[in-house]
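Chemist: Handing you a structure now.
The values are calculated or read from the model by the stated rules, or taken from the named source; none is laboratory data. Please read all numbers here as calculations on a predicted model, not as lab measurements. For neighbour counting, all protein chains shown are included, and Cβ atoms are generated from backbone atoms with ideal geometry for every residue, glycine included. Remember, those area values only see protein heavy atoms, side chains included, never the ligands or the DNA or RNA. Shrake-Rupley method; radii C 1.70, N 1.55, O 1.52, S 1.80 Å.
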Amino acid sequence: MRYLITILGILIVFVLTYIASNDKRKIRYRPLILMVIMQIILAAVLLNTVVGELLIRAISGVFEHLLLYAAEGVNFVFGGILNEGEFTFFLSVLLPIVFISALIGILQYIKVLPIIIKYIGLVLSKVNGMGKLESYNAVASAILGQSEVFISVKKQIHKIPKHRLYTLCASAMSTVSMSIVGSYMQILNPEYVVTALVLNLFGGFIIASIINPYIVEKDEDILEVQEEEKQSFFEMLGEYIMDGFKVAIVVAAMLIGFVAIIAMINGLFSAILGVSFQQLLGYIFAPIAFIMGIPWGEAVAAGSIMATKMVSNEFVAMLELDKHTELSARTVGIVSVFLVSFANFSSIGIISGAVKGLDEKQGNVVARFGLKLLYGATLVSILSAIVAGIFI
């Protein structure tokens, strides 16, 4: 029964994607089948083998040590606040982003990250049937972040056609920034975070290849990466530290606003209808949770968390998931994979704003297909959760 629901779930995702396709005749099925098989193999390796366990343990170990180093800086500035025994979300989860951002800046400066991104992107372009630019952008989005990635391709941004621009933005919304991964690992099980990162990379190409199919001609398959402006090491370091701090502050502000608004709306709905807003969303999203492999008895609670992520952001939903201690380990795993992406309404504004800052005309184009971006990115998260659920 479990595997039948999995097959049904994958078919429903493909049907929902196919319905929204811009040009059904241009869909190429061979790369799609190959990428789905790769998703299943990678999920099996990461969640069901000793090699995967060792790999995830090594990655989480690296982030664990990085977070300890980050805590040194936080503790120096904020004194003994962290040592009082009470978990402080802003200090423990958000402020370490400053240190991780600085580390990314250093790796960028010494040209390690650009080489990694470029060559992984080239390998992916051979598998996904898309262009070098799309493949580079997907990998870069997973490391640099959904707004910063467009700066690295700003030489091309003004001449990218609408269909290719959609794919670039879809990749940015389907992945997450490496600077935030350590923060996720403090709330969710690291194995689900790593699995989601890998599956979303391929899932973004799968969904975009159906919603927005096209063929990149050889003369159009050009990648022009913007070189960083020549800066001294400490100029660069200061810039990345401030960027990390801005991210931490923005996330904190969004959390304060969204948590408070959701609490107010829940109160109003409970007073008027006798059911909270999140419970109502849970009933709407319950069928989606069910096709992801979540038992029907837990589907409403899981659906509520999923909907919370979409209308607010992934951090709010992760904190909500942490409160639901009654959910089974398998349900927690599947929902965790679903939550690791930037697929929410606020990302539409972030991405269109980032592109608009580089080219106003292209920014307006992105804003026009914003809802379709969110639709596609949400389907990516659902597909990743279904595939991961096979092995959880």
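Chemist: With a 10 Å radius around each residue's Cβ, average the other Cβ atoms per peptide and rank 248-256, 165-173, highest first.
Modeler: 165-173, 248-256
Chemist: Next up: Any idea of the accessible area per residue across the chain, 1.4 Å probe, to the nearest Å²?
Modeler: 46 Å²
Chemist: Here's another thing I want to ask about it. Share of the stretch 1-390's accessible area from carbon and sulfur, percent, 1.4 Å?
Modeler: Carbon-and-sulfur percentage of accessible area, whole number: 68.
Chemist: Cα gyration tensor of the stretch 1-390, axes a ≥ b ≥ c as square roots of the eigenvalues: rounded (a/c below 1.5), prolate (a/b > b/c) or oblate?
Modeler: Rounded.
Chemist: Shifting gears a bit: Over the chain, what is the relative contact order in percent, taking alpha-carbon pairs closer than 8 angstrom and at least six residues apart?
Modeler: 25 percent
Chemist: Let me ask you something else. Where is the GNM fluctuation largest for the chain (alpha-carbon springs, 10 angstrom cutoff): 326, 298, 64?
Modeler: Comparing 326, 298, 64 in a Gaussian network model of the chain, the most mobile one is 326.
Chemist: Express in whole angstrom the spacing between the alpha-carbon centres of the stretch 1-67 and the stretch 227-306.
Modeler: 23 Å
Chemist: If you don't mind, another one. HN-Hα J couplings of the stretch 36-48 from phi, Karplus 6.51/-1.76/1.60, θ = phi - 60°, integer Hz, Gly and Pro as x?
Modeler: 5, 4, 5, 4, 5, 5, 5, 5, 4, 5, 6, 9, 9
Chemist: With θ taken as phi - 60° and the coefficients 6.51, -1.76 and 1.60, list the Karplus ³J(HN,Hα) couplings across the stretch 262-276 in order, rounded to whole Hz; mark glycine and proline as x.
Modeler: These are the phi-based 3J(HN,Hα) values: 5, 4, 5, 5, 4, x, 5, 5, 5, 5, 8, 9, x, 9, 6 Hz.
Chemist: Continuing with this model, one more query. List, in order, the whole-Hz ³J(HN,Hα) value for each residue of the stretch 241-253 obtained from phi through the Karplus relation with A = 6.51, B = -1.76, C = 1.60 and θ = phi - 60°; use x for Gly and Pro.
Modeler: With the stated coefficients, the stretch 241-253 comes to 4, 5, 4, x, 5, 4, 4, 4, 5, 4, 4, 4, 5 Hz.
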